[in-house]
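The values are calculated or read from the model by the stated rules, or taken from the named source; none is laboratory data. These numbers were taken from a predicted model, which means no experiment stands behind them. Please note: Cβ atoms are built from the backbone with ideal geometry, for glycine as well, and neighbour counts cover all protein chains shown. Side chains are part of the model used for accessible areas, which takes the heavy atoms of the whole protein and leaves out ligands, DNA and RNA. Shrake-Rupley method; radii C 1.70, N 1.55, O 1.52, S 1.80 Å.
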Amino acid sequence: MVMLLIFLVCSQVLLYEIMSSDLADPLYWMRLILASNCSMLMELGISPIITSGMIMQLLAGANLVEVHSSLKEDHALFGGAQKCAPFILGYRTLKTFLLTKILVFALSISFGHAAVYVLTGFYRQPKDLGASICLLLIIQLVATALIVILLDELL
């Protein structure tokens, strides 16, 4: 219940210095699938989770990451690698240390998404916003993506 409340609050809070507009949203149908809201903290939605999961599946399918699906431990570690369990558990073992790099990977995907949104002028032209506002928008989007990853891990 609390997780849903956090998600809904993030879906209703506007990004700093961004006004909601009544213009047609070119990503409307994608937003329905990715649980995101235009110009809100939840702009990225669940896309960082989906993207990191697809990349991990591709790496496992290409045998670049060795996963034995018959072992419960490997299956659990692979599932955690797609999210952020190592971030919560700390560096207790070498495997969790390696999986923490996957969290950094998921957050870098979030950073890439946020940077593309802000620097391509999705809200306004970056030169009109200024460098500090652009950086603040990217930080807001990445922080909210981290919250979504943590909420997903709680489920």
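Summary of values
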| item | result |
| --- | --- |
| Matching residues, region 101-118, being out of contact with any Ser or Thr (no Cβ under 7 Å at 6 or more places or on another chain) and closer than 22 Å to Val13 by Cβ | Leu107, Ser110, Phe111, Ala114, Ala115, Val116, Tyr117, Val118 |
| Scan of region 1-44 for residues that are among the β-branched types (Val, Ile, Thr) and in a helix (DSSP H, G or I), ordered by number | Val2, Ile6, Val9, Ile33 |
| Any pair with Cβ under 6 angstrom, 6 or more apart, that starts in region 143-154 at a residue that is on the phi < 0 side of the Ramachandran plot and ends at one that is not in a helix (DSSP H, G or I) | Ala145/Leu44; Ile149/Lys83; Ile149/Cys84; Asp152/Lys83; Glu153/Lys83; Glu153/Cys84 |
| Matching residues in region 41-56 - criterion: being open to solvent by 30 Å² or more (accessible area, probe 1.4 Å) and touching a Ser or Thr at 6+ places or on another chain (Cβ under 7 Å) | Leu41 |
| Some residue of region 56-77 being closer than 27 Å to Ile138 by Cβ, at pLDDT 70 or above, touching a helix residue (DSSP H, G or I) at 6+ places or on another chain (Cβ under 8 Å) and not hydroxyl-bearing (Ser, Thr, Tyr) | yes |
